[in-house]
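The structure under discussion appears below in the form of structure tokens.
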Amino acid sequence: MAGKWADAVVTISRRGADRIRAGHVWVYRSDVVSADGANPGALVTVQEERTKGNRASRPLGSALYSTASEIAVRILSRGPITNLDQVLRGRIRDAIAYRERYVQNSNAYRVIFSEGDFLPGLIVDRYNDVLSMQVLTQAMDSEGVRQAVISELTTGLNPAAVVDRVDARVRRLEQLPEKESGLVYVGGGGIRDEGVVPDVHVREGERGSFIAAPSAAGRVWTPAATQPLTNPDSCSTEFQMNGLRFLYEALGTQKTGAFLDQRENYAAAAQYARGEALDVFCYQGGFALHLARVCEKVTGVDSSRPALETADKNASINGKEIEWIEANAFDLLRDYSDAGQQYDCIVLDPPAFAKSKRDLPTALRGYKELNLRALKMLRTGGILATCSCSYHVSVADLLETLQSAAQDSHRIVRILENRGAAKDHPNVVGIPETAYLKCLMVLVS
Ligand code: SAH
């Protein structure tokens, strides 16, 4: 065998190899020709299938393998990897340095964005002094990798706590054992900003000690667990972005979290907004709070009561008066537009309507309906911030939808800004999935 780097070799089709050569890092299972001896989460060497006229010799790269996912292979490096630990640690340091350089006015941001940081299968968010990590693949779930990740993150950021946020569905898909979310590290909290009251409900412990994750396996990290949690049900803090304060609770019943990808778009929307504003799909009030700085009246709409309860607390710690309405956005927009209600600014930030390509036509009908209603309700000179976080809906699709809505509502729409996710969600050319969020700021007349 030519140029074998890791113990196991995964052979892929020409189509899969072309994709990798074009800059992507995924190989779908349908492009895997053979993966003999590749264990769940193994570091593997990826090579192209030999065919007549294609006698590829050099491996394509080193990758992490999943025996369960449709994405069978995720390339980590185009060259050999002799020490996985070292590579992961280096990538984490690079990711932290990137945020130090490009994140402004916020102590909440995505520290690690999976493929966007060449750490496929790992997501880490910082909320002031609490780090929330999410493991999405077999490889990232291995005990050794988790330890290296936590150790490097805590060395680099010195958080008060690291929480493992478990997505049960993802674990099932990756055929990983069931597990609960929980605290995996308690530390000194050196990154906490001044003026924020600590509320990490864990017993003060040795700085930098690893603690037992309340996992099904009951594993204890090394160095071994030293202290039980006094209150493992909650891990809360307060973070700030663009000078506004937000509550965060990592665990427990009132779980929060933020759509950090919209951080820069909040500030952009506030640059254009004025008058009366309507934030549709407001969640915990990210846009609404920013709009309340410049608008006379702000209303936020969401179907989730717990989200609105947090939104209301967020408004009050910032001294803002915002009206919150619990409603189905489609019903409310229909009723309001039929009643002739008018606004100067409307934000549309719905959940992903197209989870797969198959959903695209239905999703586009949903976006069209929302945008049409919003355009009808905007006063002349009004601002619409219209978003889509569906990867399968392209910017071109969203623009076409907007054009069709403009046509039906007899409005003129000018694009002020064509935006994406904040820079802490790096968008890598060649990996289009890293550019999933679209946010158009438009002027309506
Ligand atoms: N703009 C928010 C993020 C929105 S996420 C922010 O920047 O933080 C999408 C939100 O849509 C969620 O809060 C969800 O509760 C809400 N939602 C989903 N379907 C809805 C519906 N039919 N009507 C109203 N809200 C809905």
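The values are calculated or read from the model by the stated rules, or taken from the named source; none is laboratory data. Because the structure is a prediction, the values reported are computed rather than measured. FYI the Cβ positions are ideal-geometry reconstructions off the backbone, even for glycines, and counts take in every protein chain you see. These area figures cover heavy atoms from the full protein model, side chains too; ligands, DNA and RNA do not enter into them. Shrake-Rupley method; radii C 1.70, N 1.55, O 1.52, S 1.80 Å.
For the stretch 265-278, does any single residue satisfy the condition of being over 22 Å from Arg373 (Cα atoms), within 11 Å of the ligand (Cβ to nearest atom) and open to solvent by 10 Å² or more (accessible area, probe 1.4 Å)? The answer is no; no qualifying residue exists. Taking the stretch 287-325 as the range and being within 14 Å of the ligand (Cβ to nearest atom), closer than 26 Å to Val442 by Cβ and part of a loop (DSSP other than H, G, I, E, B) as the test, the residues that pass are Ala292, Ser303, Ile322.
Does Arg91 meet the test of being under 20 Å from His24 (Cβ atoms) and in contact with a Leu (Cβ under 8 Å, 6 or more places away or on another chain)? Criteria met by Arg91. Here Glu369, Glu417 are screened, and the one residue that is among the charged types (D, E, K, R) and crowded, with 16+ Cβ neighbours inside 10 Å is Glu369. Give the stretch 355-366 a look and list any residue that's within 15 Å of the ligand (Cβ to nearest atom) and over 13 Å from Tyr436 (Cα atoms), or say none. Passing the criteria: Asp359, Thr362, Ala363, Arg365, Gly366.
Summed over the stretch 337-354, residues that are more than 13 Å from the ligand (Cβ to nearest atom) and either in a loop (DSSP other than H, G, I, E, B) or buried (at least 19 other Cβ atoms within 10 Å of the Cβ) (or both) total 8. Screening the candidates Ser106, Ser151 for the property of being hydroxyl-bearing (Ser, Thr, Tyr), buried (at least 19 other Cβ atoms within 10 Å of the Cβ) and touching a strand residue (DSSP E or B) at 6+ places or on another chain (Cβ under 9 Å) yields one hit, Ser106.
For Pro59, are the conditions met, namely being farther than 25 Å from Ser356 by Cα, in a loop (DSSP other than H, G, I, E, B), open to solvent by less than 10 Å² (accessible area, probe 1.4 Å) and not aromatic (Phe, Trp, Tyr)? Yes: the conditions hold for Pro59.
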